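Heads up, the thing below is written out as structure tokens.
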Amino acid sequence: MDLWLIWLIAAAMLAVAEIFTLTAALGMLAGAALVTAGFAAVGLPLPLQFLVFTLVATLSVLFVRPIVLRHVLQPQAERFGVDALVGRTAYVVSEVTGLGGRVRIGGEEWTARAYDETLVIPPGTTVDVIEISGATALVYPRE
């Protein structure tokens, strides 16, 4: 079996392992094995192939991996779904207590409960959505 094919198989195996670990380190090693497969295909001797693999792997793990991780581990820029409703303003449609009520959030009517269970919030009051629990908005009156 040709050496370049062995390097190519190693690159494929490392890439598959990266899919399961998501550490970016194995992906960098897969890239280094792929580059080494190219050098092996043009006839570079085995000791120099190991040197190429070592250099490319070291440089990619030291310099490329931190950049990749920085982009992967960024917090989500926007909130979606019910998470986007937290912090929004709502309008009380029917009296909201610690047991229930109705509010209008951005044109949609939601079941609601007062965040502070001792509060009774009358209709027409503007409230802030503090939390969404299932299909119920927990609200607190604006001051």
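Hey, got a sec? Which GluC sites (Glu not before Pro) in the stretch 58-113 land in a DSSP loop and have at most 13 other Cβ atoms within 10 Å?
Details: sites: E78, E95, E108, E109; in loops: E78, E95.
Those that pass, being in a loop and sparsely packed, are E78.
Using Cα centres only, tell me the gap between the stretch 88-140 and the stretch 59-82 in whole Å.
Answer, in whole Å: 36.
Which of the helices in the chain, when you take each full DSSP H run, stretch at least 18 Å along the axis at their Cα atoms and have an average Kyte-Doolittle score of -1.0 or higher?
Details: long enough: 3-21 (27 Å, 2.14); 25-41 (24 Å, 1.82); 46-59 (20 Å, 2.02).
Helix filter hits for the chain: 3-21, 25-41, 46-59.
Could you check what % of the DSSP bridge pairs in the chain are antiparallel, to the nearest 5? Could you put the intermediate results ahead of the total?
Details: 17 of 21 bridges.
Here the antiparallel bridges make up roughly 80 percent for the chain.
For the stretch 1-108, go through all pairs of different Cα atoms, get the mean of 1/r, take its inverse, and jot down that Kirkwood value in Å. Write out the running numbers ahead of the final one.
Numbers: mean 1/r = 0.0561 Å⁻¹.
Taking the inverse mean of 1/r over all distinct Cα pairs, the stretch 1-108 comes out at 17.8 Å.
Exposed loop sites here are trypsin sites (Lys or Arg not before Pro) in DSSP loop states with at most 15 other C-beta atoms within 10 Å. What is the longest stretch of the chain lacking them?
Values: sites that count: R79, R88, R142.
The longest uninterrupted stretch comes out as 1-78.
Taking the Cα-to-Cβ direction at F63 and at Q76 and moving 7 Å from each Cα, how far apart do the two end points lie in nm?
The answer from the label model is 3.5 nm.
Farthest toward the dipole's positive end in the stretch 3-142, which of L26, V72, S94, given Cβ charges of +1 (Lys, Arg) and -1 (Asp, Glu) about the Cα centre?
Most positive-ward Cα: L26.
When the Karplus curve 6.51 cos²θ - 1.76 cosθ + 1.60 is applied with θ = phi - 60°, which whole-Hz ³J(HN,Hα) does each residue of the stretch 94-105 get, with x for Gly and Pro?
10, 2, 10, 10, x, 9, x, x, 9, 9, 10, 10
Run through the stretch 50-143 and list the chymotrypsin sites (Phe, Trp or Tyr not before Pro) located in a DSSP loop whose Cβ has at most 10 other Cβ atoms within 10 Å. Mind dumping the intermediate values first?
On the way: sites: F50, F53, F63, F80, Y91, W110, Y115; in loops: F80, Y115.
Those that pass, being in a loop and sparsely packed, are F80.
None of the figures in this text is laboratory data; all of them are computed from the coordinates on show. All values reported here derive from a predicted model rather than from experimental measurement. Every residue, glycine as well, gets a Cβ built from its backbone with ideal geometry; the counts of neighbours run over all protein chains shown.
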